[in-house]
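Asker: If you scroll down you'll find the structure; I have some questions about it.
Readers should treat all values here as calculations from the given coordinates under stated rules, not as data from a laboratory. Just so it is clear, the model here is predicted, and its values are computed rather than measured. Quick reminder, even Gly has a Cβ in these numbers, built from the backbone with ideal geometry, and neighbours come from all protein chains shown.
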Amino acid sequence: MVEQSEVRVVRCGGSKINLRPPIISTDSRFVLCASGDSVKVYSTRTEEWLHSLQGHTNQVTGITLNPANHLQVYSCSADGTVKLWDFIDGILIKTFIIGYPLFAIYVSEKHDGIVFLHIAMDTDSKNECFQLVAVHLPKSAEQEVEAKELSAVSSRISPNPSCTAFGREGQYIAFARHLQLNVYFFRKQKTYSFSLKATDKKGAKNAFTCIACHPADDCIATGHEDGKIRLWRNFIHTKEYTYSTQHWHHNAVNTVCFTPEGTNLLSGGIESVLVQWQYGAGNRKEFLPRLGGSILHVSTSSDGQLFCTSHSDNKITVIESSFKVCGVIQGLVKGDAVLTDLMIDPRSKALVLNGKPGHLQFYSLLRDKHLYNLDIVQQEYIYEAGLDQFEVVKAAFDIKGYWLATVEERGQKSSDLEFSLKLWAYDERTQSFVLNTTITAAHTDRIMSMCFSSSEETTMLVTTAEDGQFKAWCQGADADTQQDQNFWSCDFVGSYHNLKPTNCSFSADSSLLAVSFQEVITIWSPDTWELLTTLCQPPGVVRDLCFGQLSCSKYLIATTTRNLLCCWNLLTCALEWSTSVEVSKLQPDPLSENVAAFSYQSKHTDLFVFKPNEPRPLFTHKNVCSEKMHRAVFVPREEPLNNCDESSQWLNRSQLYFLTQNMDLLTFSTATEEDRMLSSSKRLVIDDSVAVTPFYLLLGKHRQQQQKLNTPSHPAADKPQQPQGSLTCLLLSFPSLFFPPEMEMESSEQEMNSEKEEEHSEEEMEACDSQQELRAQGSVDEVTPKLSKAQERELKRVRKTDFSWMAGLIDSKP
Amino acid sequence: MMSTDLRSAMGEFKVHRVRFFDYMPSGIRALAFNQDTERMAVARMDGSVEVFHCSDRFFQEKIIPGREQFGIEGLSWVGERLFSAGLNGGITEYDLTNQKVKYTIDAYGGPIWTIAGNQQGTHLAVGCEDGTVKLFEVNEDNIQFERNLDRQKSRIVSLSWHPSGSKIAAGMMDMIQVFNVETGHSMHRMLADRGVGTSRSKECVVWSVVYLSDGTIITGDSVGMVKLWDDQTGTLIKSHNVTKCDVLALSVSQNEDSLVAGTSEGIVVQFQFVSMVLGKDDKEWVRTRTFRNHTHDIRAVAEITTAVVSGGMDAQLVVRPLLDKIEERSAASALRKIHFPHRRLVACARKSGLMLFQYPGHLELWRLGESEGKGIPGSSLFVKRNPEKLLHLKVKGEDHIRCSAVSPCGEWIVYSTASTLRLYRLHCDNNNISITKISKLPKVLSSANQLCFSSDSSHLFSASAQSSVHLVSISQSGCKFVGTLKPKSGSHQAIHLLAASEDGKWVASANSDHEVHIYNLQTRKAHCTVPIYSSAVTAMGIHPATNCLFMMHADQQMFEYSIEQKQYTDWSRTVQRKGLHRLWVERDTPCLNVMFNPQNPSHVILHDMYMLCIIDQSLPLPDDKTQFYNQLTLKSLTEEQRKSHSHAFKVCKTFKDILCVELMPDQSLVVVERPLEDIATQLPAPIKQKKFAT
């Protein structure tokens, strides 16, 4: 069933929702935004994620409402296609294949059947060069159409899509690049260009940053790098053109937008203040301050009642026209950089990393929802460039999620470094972390790494610092403190030949602690604090180390700066194997023996997945991304997959997420997952044609949930919390054989479906059923991902025969 | 004063850096632009009126000094005649040829706040304190009161004629009245809103009003609004909130498509009449550009063909070019700020080391300090003897000084106002300074436009009416009229520059019609006239060795004219043929003095407000490709390379805001600076504005 199980890098979960301006549907009920490889649809009232429009195979780079039908939306993607969707039902209507990577889309009411796209010009030189082209979308009944009628409007435009806008009634299109504003009139087929000086005596930076056109008047509003907004008029004259300047923003204006009637102009920038300028009234303006991160985009609904701002912290704010915030849609908060590791909260299984400045965020990847922020620094953050403020740089959870250790730091650039170590206890009552201990001078120099011991009984924290020491911290050992409160205090200070420790790691059973001192790895016994042994494989300083998990816990794996990946057997204290590979990040999977290693070579990152006991990698993926990779995490799946294919088996228990340097959270998806996703969306389509009967309602509900079950691994799929003990829950455990054969229905209605596909999907159904069954029996943990194909088939056969018997059993149960 | 050693490739000079001339320019009160002659008339707070030539790099052609208690409130051109009115209640016409007041007549309406002439050139209207608008008929030689328009209860602050001349809009306290000129009755009364809040109780002053030909009346008021009214219905069309303080001045362009408003925050706001939908005719006044060039109240703005001119309390005249109206960008179309008069206010008695500073109401005589020893280039020297103020000479009467001079020997001081000329003899025995006024002066010395002593201090040249120069011999015994030098023919414009030769043979005069006449002092006849150049002469001097007249013009061109051969010298022809360097031509202040270095005859020393320049006539001229400011480059080169890289222009920018540079006989330079920062500190405090990040 998983013959062509190909593992692909996808943007799935935690993606940017602020990449492009969000759009509000005409009836103001939905907010749509481009998010990773899909378009997400949110409700404006409840801020809930309703569904996403999936089908693009690369980053979605632009969305716009179809001017001819306000229930449809065009989306363009870097995969070279423009897709037309019915966004209410989530149906893909049409796909137009353009063939070039697309970066933005614009439409105008007056240009029927034409979309305007940003495409990258194929140039030999490295400098980015974008082209604005008009594409005539062919009218044909087919689902997939190739649109080859491209005509260039401008060959050199700004890569910033905010720098292009349609003018009054689509008569002209204005686009800016660096210091030049161009206005192209379609009727006259003439471009007027206006240039500004790069700087003036007062130090103004005049480069264009965004552009908007008045809907009724011939007036173009442009935002500039120094915070000025210019209103251009009379731009059909090369000399008598004129502009007025308004200056409120103190830094670059990121977005300008006219309200649909043209009575107001909205602007936003780094100040995170939405400014509403009254059009034609000079300086009169209103402010909506303290919106969070800096404003990247502003858009308005077509009736002007709602505004949407998207922010740099991956947030969309829905604002009423009376300047009242009525909704916040928060994605995974992305700052400038993630300083902490990617972590999984053992309790909520949420992804934990830097969020808002000075905060840790908890993000549910399964529901693709931001859960909450934990204020670590507990100081007001000042939004101004160049200030040195406290940042959370390290964080660690203990194995049960009772304790959280954080390190905050200020003065990384200057010499006077300030940092403090904080320990947070989980409070069952408030369901949150509460500050337990603050240690201001944990070390005399920067803390390099820290980890909790993984034993169940005693919780111990080990920190290593640049002052040449590593310290073990235990709870309540200090006699000076009051007995009833369990504060943390230092238990042991260790050092090794005055070398600087870099990394530390506990073995799976916490019986060993490995601390690397430059080229040397020292193994300590945490019980007696005795130096057991040292391991060394010069040359090269140890960059990363980890213990093997589960059956491989006798192995210690380390990477060095001299491109060496070593594996020691701790029983023999001998080097088991070593290989020459430049590894930037080692990430063990806590649920299996697998270790993922990201290697950066010749300008791209490769991924190797291996088991410590096998020198041969299980899986390799070349060119995962083009940047160096430092953060990755294995996220345990709620339900394991049972991919049998060798290359995708390692993804069965947990999913590997990694963060690129430009803050894209990427993951690996297998073909199986995608097939399910696709088939589920297909079924959605058919479901709509079924008449609504009471039975359908019952059945339909079940089916939806089943679909969700079918794609349990896909985190983007909605996972509402089901009330336990309801009827649907009961239905869940029914084998699907009792229900009408929907697959036949599907194939009869969709003639395109070939025989083979049908068979395929049936098989898939069975696989899901078996999985359900297993889940019902609570035997998830016993499933070993390593089954031979023959065994698998055998198992399936057994299950198939089991079905009637099982059904009967359940039947007789009530 | 500081003394500095200035040593560089251009030679070594000891510099007296003089900063004790506390010259304070007077604030600008009114502007009037004459489209036909392209002249801008400027009225200042001290009552002086200046005329700038707009197409000749804004050269200050004419200065009519003011007088005590003579505040001008408004200026108006009628044809080529210039009228002003002020709070003393009189209307004054100026004699621009002789640069003096022609006559003043009383309007009998109390202080006059505004004056406006109609476009037809037939009538003048003045707005008076008593609430009347008075019409005066403009006759050939004078003006005559015609009648009053309906008298109002409050003072008339601003006036504007409809271009047809049939209606007048008048701005008052809290309202605007529109009068029919025929009947003299008020047609509309439009109420201007007062401000909100605390300013509710303060009345709204309509500071400025503009009447457009399409019947739109535009007003600027003390609430900070620019309002547009319809004169048919008397209703408000639109209002723009320009500022939180007052809009003090308005001006509309000739073709009525642009309007500028000056505010008391020191900003000029431009409005333009543009079509909201391109290609259609429904135009609207839209606020467009903002110009921030002033620190204080802008009391007057004028939109001329290619620029916006503004002036105010900070005493600088700012010419902001409108690039959309300019065909070709050049030096003439650059932003220009005029701080200092284009005349010399400092006279120097070279032989005795005395400086004479001319203030509007008095003269100051200073003796330069002395310094000790030699220092390294660029360093300050120890001042052995401090400069000393010898004399403070107050002017008799109310008139301000027009011109003054001190003889090279330092014995004679002369000054002239519009009405009198006084000559003093200075007695200096040890530390006792005394002056005696020479009582019996020849009748011709009743008043002068320009004064100059001969180099041996034996003669005084006094430029007077009809472009003539009176020659008076002065000696211990007294003062004797010798003769009058008259040009053979030409204009009768007043002379603004005189230059006498070192050997006492020649004297040259330049007048505001750009004529330069050279007279032979031995024959006391006109010797020749230099070919008339299109730009005004800003400075000239006669070379002591060659007797060549060196002239600098407002457009930064330079000419050298051999007096003896009555033709341009070869060097001058070379300069004209090769052209001057772009950077030289683009400078925006005129050269104010021409000096010659007796030790190095090929050197000509020039200065303007920003720099000091020595032209070495023996070196090749720079072309546009060579580096013009090459002093630093030259320093880094070896002796041999220097030769190939050096060119005729050696510019020193060490000094700023220069009023005067003089070369003393002992090879030291006197540089009189008046830093603009010092002027700014003496100005009244501007309106307090919130500044970002303070």
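Asker: Could you sort the peptides A:428-438, A:240-250, B:633-643, B:79-89 by per-residue average Cβ neighbour count (10 Å cutoff), highest mean leading?
Answerer: Numbers: A:428-438: 13.5, A:240-250: 18.4, B:633-643: 11.1, B:79-89: 20.1.
Ranking the peptides A:428-438, A:240-250, B:633-643, B:79-89 by packing returns B:79-89, A:240-250, A:428-438, B:633-643.
Asker: A further question follows. Stick to the Cα atoms of region B:571-694, pair each with every other, and give me the Kirkwood hydrodynamic radius in Å at one decimal. Could you put the intermediate results ahead of the total?
Answerer: Values: mean 1/r = 0.0588 Å⁻¹.
Radius from the Kirkwood sum: 17.0 Å.
Asker: Okay, next question. Can you list, largest first and rounded to whole Å, the semi-axes you get for region A:67-194 by taking the square root of 5 times each eigenvalue of its Cα gyration tensor? Working shown, then result.
Answerer: Details: eigenvalues 126, 64, 32 Å².
For region A:67-194, the ellipsoid semi-axes come out as 25, 18, 13 Å.
Asker: Could you pull out the chymotrypsin sites (Phe, Trp or Tyr not before Pro) across region A:450-546 that fall in loop regions by DSSP (anything but H, G, I, E, B) with no more than 13 other Cβ atoms inside 10 Å? Numbers along the way, then the final one.
Answerer: Working: sites: A:PHE452, A:PHE470, A:TRP473, A:PHE487, A:TRP488, A:PHE492, A:TYR496, A:PHE506, A:PHE517, A:TRP524, A:TRP529; in loops: A:PHE487, A:TYR496, A:TRP529.
Listed in order of number, the matching sites are A:TRP529.
Asker: How about region A:53-127: which trypsin sites (Lys or Arg not before Pro) there are in a DSSP loop, with at most 15 other Cβ atoms within 10 Å of their Cβ?
Answerer: Working: sites: A:LYS83, A:LYS94, A:LYS110, A:LYS126; in loops: A:LYS110, A:LYS126.
Answer by residue number: A:LYS110, A:LYS126.
Asker: Can I ask one more? Within a 10 angstrom radius of each residue's Cβ in A:600-610, how many Cβ atoms of other chains show up on average? Whole number is fine.
Answerer: On the way: counts 0, 0, 0, 0, 0, 0, 0, 0, 0, 0, 0.
Partner-chain Cβ atoms within 10 Å, mean over residues of A:600-610: 0.
Asker: State the volume of the convex hull built on the alpha-carbon positions of chain B, expressed per residue in Å³ and rounded to an integer. Before the final figure, lay out each step's value.
Answerer: Working: hull volume 130.3 nm³, N = 694.
Enclosed volume per residue, from the Cα hull, is 188 Å³.
Asker: Taking just the alpha-carbon atoms of region A:333-436, what radius of gyration and Dmax come out, in angstrom?
Answerer: Over region A:333-436's Cα set, Rg and Dmax evaluate to 13.7, 43 Å.
Asker: Any idea what the dipole of the protein assembly as shown comes to, in debye rounded to 20, about its Cα centre with Lys/Arg Cβ at +1 and Asp/Glu Cβ at -1?
Answerer: Details: 153 positive and 174 negative charges, 1466 e Å.
That gives a dipole near 7040 debye.
Asker: Would you work out the charge dipole size for region B:118-181 about its Cα centre, treating the Cβ of every Lys and Arg as +1 and the Cβ of every Asp and Glu as -1, and quote it to the nearest 20 debye? Please list the in-between numbers first.
Answerer: Values: 6 positive and 8 negative charges, 55 e Å.
Its charge dipole is roughly 260 debye.
Asker: Can you find, among A:VAL253, A:ILE319, A:SER294, the residue sitting farthest towards the positive end of the charge dipole of region A:158-330, where Lys and Arg contribute +1 and Asp and Glu -1 at Cβ?
Answerer: Result: A:VAL253, furthest along the dipole toward the positive end.
Asker: As an exercise, identify the trypsin sites (Lys or Arg not before Pro) in region B:477-509 lying in DSSP coil whose Cβ has no more than 13 other Cβ atoms within 10 Å.
Answerer: Numbers: sites: B:LYS480, B:LYS488, B:LYS505; in loops: B:LYS488, B:LYS505.
Hits after loop and neighbour filter: B:LYS488.
Asker: Same structure, new question: Starting from the coordinates of the alpha-carbon atoms of region B:28-263, obtain the Kirkwood hydrodynamic radius over all distinct pairs and give the value in Å to one decimal. Kindly include the intermediate steps, with their values, before the conclusion.
Answerer: Values: mean 1/r = 0.0559 Å⁻¹.
Computed over Cα pairs of region B:28-263, the Kirkwood hydrodynamic radius comes out at 17.9 Å.
Asker: Enumerate lysine pairs in region B:134-243 that are 8 or more residues apart or on different chains, then count those whose Cα atoms are under 25 Å apart.
Answerer: So the count of such lysine pairs works out to 10.
Asker: So which of A:LYS471/A:LYS500; B:LYS656/B:LYS688; A:LYS394/A:LYS603; A:LYS324/B:LYS690; A:LYS190/A:LYS239; A:LYS197/A:LYS228 end up more than 18 Å apart, counting from Cα to Cα? Don't skip to the end; give the middle numbers.
Answerer: Details: A:LYS471/A:LYS500 13 Å; B:LYS656/B:LYS688 28 Å; A:LYS394/A:LYS603 28 Å; A:LYS324/B:LYS690 28 Å; A:LYS190/A:LYS239 16 Å; A:LYS197/A:LYS228 14 Å.
Beyond 18 Å: B:LYS656/B:LYS688; A:LYS394/A:LYS603; A:LYS324/B:LYS690.
Asker: Find, to one decimal place in angstroms, the Kirkwood hydrodynamic radius of the protein assembly as shown, where the mean of 1/r is taken over every pair of different Cα atoms and then inverted. Mind showing how you got there, number by number?
Answerer: Working: mean 1/r = 0.0251 Å⁻¹.
For the protein assembly as shown, the Kirkwood estimate is 39.8 Å.
Asker: Which residues' amide hydrogens lie under 5 Å from the amide hydrogen of A:THR255, considering only partners 5 or more residues apart or on another chain, with H built in the peptide plane?
Answerer: A:GLY268
Asker: For region B:342-532, treating each Cα as an identical point scatterer without solvent, what Debye log10 I(q)/I(0) comes out at q = 0.09, 0.11, 0.15, 0.16 1/Å?
Answerer: Here log10 of I(q) over I(0) equals -0.36, -0.52, -0.90, -1.00.
Asker: Taking each residue in B:288-295, count the Cβ atoms of any other chain within 10 Å of its Cβ, then average. What number comes out? List each step's numbers first, then the result.
Answerer: Details: counts 10, 5, 5, 0, 1, 0, 0, 0.
For this peptide, the per-residue mean of nearby foreign Cβ atoms is 3.
Asker: What do you get for Rg/Rh of region A:158-330 when both radii come from the Cα atoms and Rh is the Kirkwood radius?
Answerer: Working: Rg = 15.5 Å, Rh = 16.1 Å.
Across region A:158-330, the Cα-based Rg/Rh ratio is 0.96.
Asker: Regarding region A:528-628, what's the average projected area of the Cα-atom convex hull, expressed in nm²?
Answerer: For region A:528-628, averaging the hull's shadow over all directions gives 6.9 nm².
Asker: Determine the shielding of peptide A:215-222 by partner chains: average, over its residues, the number of Cβ atoms on other chains within 10 angstrom of each Cβ. Write down the numbers at each step before the final one.
Answerer: Values: counts 0, 2, 7, 7, 5, 0, 0, 0.
The per-residue average across the peptide is 3.
Asker: A further question follows. Convert 10 °C to kelvin, take the viscosity as 1.306 mPa s, use the Kirkwood radius over C-alpha pairs of region B:350-413 as Rh, and evaluate the Stokes-Einstein diffusion coefficient in µm²/s, rounded to a whole number.
Answerer: Details: Rh = 13.6 Å.
Once the numbers are plugged in, D ends up at 116 µm²/s.
Asker: While we're here: Note the per residue figure in Å³ for the convex hull of the C-alpha positions in region B:119-211. Numbers along the way, then the final one.
Answerer: Details: hull volume 8.4 nm³, N = 93.
Spread over its residues, the Cα hull of region B:119-211 gives 91 Å³ apiece.
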